[in-house]
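All remarks here apply to the structure that follows.
The values are calculated or read from the model by the stated rules, or taken from the named source; none is laboratory data. Just so it is clear, the model here is predicted, and its values are computed rather than measured. Backbone-built Cβ (ideal geometry, glycine too); neighbour counts: all protein chains shown.
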Amino acid sequence: MAILELRDVSRSFGSGARRVDAVREVTLDVDRGEVVALEGPSGSGKTTLLALAGALLTPTAGAIRVDGDDITNYGARSRTRYRRDRVGFVFQGSNMVPFLTARENLLVVGHFGGADRSALRRRADELLDQLDLTAVRNQVATSLSGGERQRVAIARALMRDPSLLLVDEPTASLNFELGSRVVDALLSEVHSRDKACIMVTHDDRMAQRADRLVEIRDGRILADRPLP
Amino acid sequence: MLALIEIRRRKLQFGFVTGVVALIAYLIIMVTGLGLGLNEAAGTALLRLNGDHLAYAANSNLSVIRSRLSDQDVAEVQALAAAERAAPIGYVAAVIEFAPEESDTAAIIGVIPGSFSEPSVVEGRSLSGPSDILIDRAWVRVAGTRVGETLALPVGFETREFTVVGIVDQGYFFFQPAMFVDLASWKDLVFLGDAGQQPAASLVLIQGRDLDGVRGEGWRIVTKQDGFNNIEGVRAQQSTVDALRYMGLLIGAMVIGVFFYVITLQKVSLLGILKAIGAPGGYLVVQGLLQVLIVCVIGAVLAVGLALLTEATVLSSDTIPIDFTANAMATSSISVVIAGVVGSLLSARQVASVDPIIAMQQQ
């Protein structure tokens, strides 16, 4: 069953001669327990597609449904709540809160309301343990290694148990070995917790580890094939 | 609380801003204290008189120095139905030698002994004779005069000995420590030559209601506060001090605002990330304002401590007319906190307008 459904979704920026069509009439489903690798050159529309799925942008045309709910026309508050409760983001370069420890970076989502703090603390400790971060849980984010930061980012994305994970270049700043460990951790979490995941990547070796590969060029899906 | 954690972890950055806030608050407290001190020196003795209204000579332009009331003027004022009690008082400045080669000026105020216009003593006894004098604590601090000692006051080309019988806490008048003598003795001090030209009083101190603006042929009544405000130089002095305070608050608001705006600009990408992972804009604005509030409150508390330290050390002598009251310190501190929060509203606007899309490094 599809968790994320995009139907003829388009997104353009600017107008007139300056208009850029970043995403054009994209239709895409991502099922529960599935990791979809989104591959394409710079400027092909990968990140815009991710931002649309995460309600960071609203589509110019088309419809987006998550868990059966149409999020296309959500207002600002609904989009904020949607991002808080139903989506887990892993950004390029991890994007930790620099003055917080690894554990506090996970717990930060509890500050935004709508959650039982003590349950979140238990969950944070559980995720830190699963992602092999217990030893660094009290280290400030800036003192963590690149791989540790990305794993903390994955853990943070899973804190509210979202049904959809949106991951943007998770291995961009890591070497192959570290990158592989991060992707392994991500795949393990998605499969074991039955999430849907879109992972934007430039790295074909990482993309090949996903369940499906979607290639995008000039805002359009060029190919969509399952991976062995 | 994210705001508190950030302050705790970024001590240097926030410590620096807190120091700047403390200096601004200190400046404003000092200016306020100076204003109060100047007011105190200008005429607390007038404000502390036990009455609500004052009658001045009609042609005095509400100047205590120029006001001269005749016996008839005083009698007319005392006869007013709305005046529950009325007592004539006199003022004259006198240079008093309190030690060989050492003298200072005092404000000699004539009162009727035993009347409501005579101030209460904090040490010694009240006036009972024409050679008794009450001196203010301010004079005691300057000259060290004690109860029982004598002071020589000029009468014409001679001097006359007055015995200090009590000490009062009335403050200053025209920047001179106040002293109180029998009104009859005051008349001798201001003797103008012809006995027929001798004034009965400078003012009439009145207890009563609805007397503001009441006039007679040779006199007019104003509230005691109006009388104080019309002391020569008080209004200009107060305006200057107020202008300095408001400028200080304005500059403080701008400086604090700019500091927090710069801090906010440095955090734009972080704010974008927090918004992207579900932080409501309102939550982040509240966190930002909370930081401003914490920094300003700590800065204001430091400033109060610094001002008290200054008062106890540098300003322990009477050479600078500065006065710190709890009310003035609280008002100045709260003003700085409010100015800081108002100044940082631009940052709050910036926080609210951050687009979470920047978390994905695109716009």
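Select from the stretch A:112-149 the residues that are surrounded by 20 or more Cβ atoms within 10 Å (Cβ to Cβ) and not aliphatic (A, V, I, L, M) and write down the one among them that is nearest to A:VAL97 (Cα to Cα).
Here the residue is A:ARG149.
Just checking, how many residues over the stretch A:96-114 are more than 16 Å from the chain's Cα centre (by Cα) and either more than 10 Å from chain B (Cβ to nearest Cβ) or assigned to a helix (DSSP H, G or I) (or both)?
The number of residues fulfilling the criteria is 9.
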>> Go through the stretch A:36-52 and report how many residues are within 22 Å of A:VAL190 (Cα to Cα) and either away from every other protein chain (no Cβ under 14 Å) or surrounded by fewer than 22 Cβ atoms within 10 Å (Cβ to Cβ) (or both).
In response: 3
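Condition check ((1) within 30 Å of B:VAL31 (Cα to Cα); (2) of a type in the set (S, T, N, Q); (3) touching a Lys or Arg at 6+ places or on another chain (Cβ under 7 Å); (4) within 14 Å of chain A (Cβ to nearest Cβ)) across all residues:
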position: B:ASP212; (1), (2), (3), (4): no, no, no, no
position: B:GLY218; (1), (2), (3), (4): no, no, no, no
position: B:GLN225; (1), (2), (3), (4): yes, yes, no, no
position: B:ALA236; (1), (2), (3), (4): yes, no, no, no
position: B:LEU250; (1), (2), (3), (4): yes, no, no, no
position: B:VAL258; (1), (2), (3), (4): yes, no, no, no
position: B:GLY272; (1), (2), (3), (4): no, no, no, yes
> Which ones in the stretch B:103-132 are among the aliphatic types (A, V, I, L, M) and touching a helix residue (DSSP H, G or I) at 6+ places or on another chain (Cβ under 8 Å)?
Replying inline: B:ALA106, B:ALA107, B:ILE108, B:ILE109, B:VAL111, B:ILE112, B:VAL122
>> Anything in the stretch A:149-160 that is of a type in the set (D, E, K, R) and away from chain B (no Cβ under 13 Å)? List them, or say none.
In response: A:ARG151
> Is it the case that B:VAL214 is in contact with a Pro (Cβ under 9 Å, 6 or more places away or on another chain) and farther than 29 Å from A:LEU106 by Cα?
Replying inline: no
>> Yes or no: the stretch B:189-201 includes at least one residue that is buried (at least 16 other Cβ atoms within 10 Å of the Cβ), modelled with pLDDT of 90 or more and not aliphatic (A, V, I, L, M).
In response: no
>> Among the numbered criteria (1) more than 21 Å from the chain's Cα centre (by Cα); (2) outside any helix (DSSP H, G or I), which one does B:VAL285 miss?
In response: (2)
> Counting only residues that are more than 7 Å from every other protein chain (Cβ to nearest Cβ) and crowded, with 21+ Cβ neighbours inside 10 Å, how many does the stretch A:80-95 have?
Replying inline: 4
>> Take the residues in the stretch B:34-62 that are under 25 Å from the mean Cα position of the chain (by Cα) and over 30 Å from B:MET329 (Cβ atoms); name whichever of them is surrounded by the fewest Cβ atoms within 10 Å (Cβ to Cβ).
In response: B:ASN61
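Of all residues in the stretch B:274-315, how many are within 14 Å of chain A (Cβ to nearest Cβ) and hydrophobic (A, V, I, L, M, F, W, C)?
8
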> Looking at the stretch A:1-95, what strands (runs of 3 or more DSSP E) fall wholly within it and have at least 2 residues that are within 23 Å of A:LEU227 (Cβ to Cβ)?
Replying inline: A:2-13, A:20-31, A:34-39, A:87-90
> For the stretch B:63-165, list the strands (runs of 3 or more DSSP E) that sit wholly inside it and hold at least 3 residues that are farther than 18 Å from B:PRO177 by Cα and over 25 Å from the mean Cα position of the chain (by Cα); which are they?
Replying inline: B:83-99
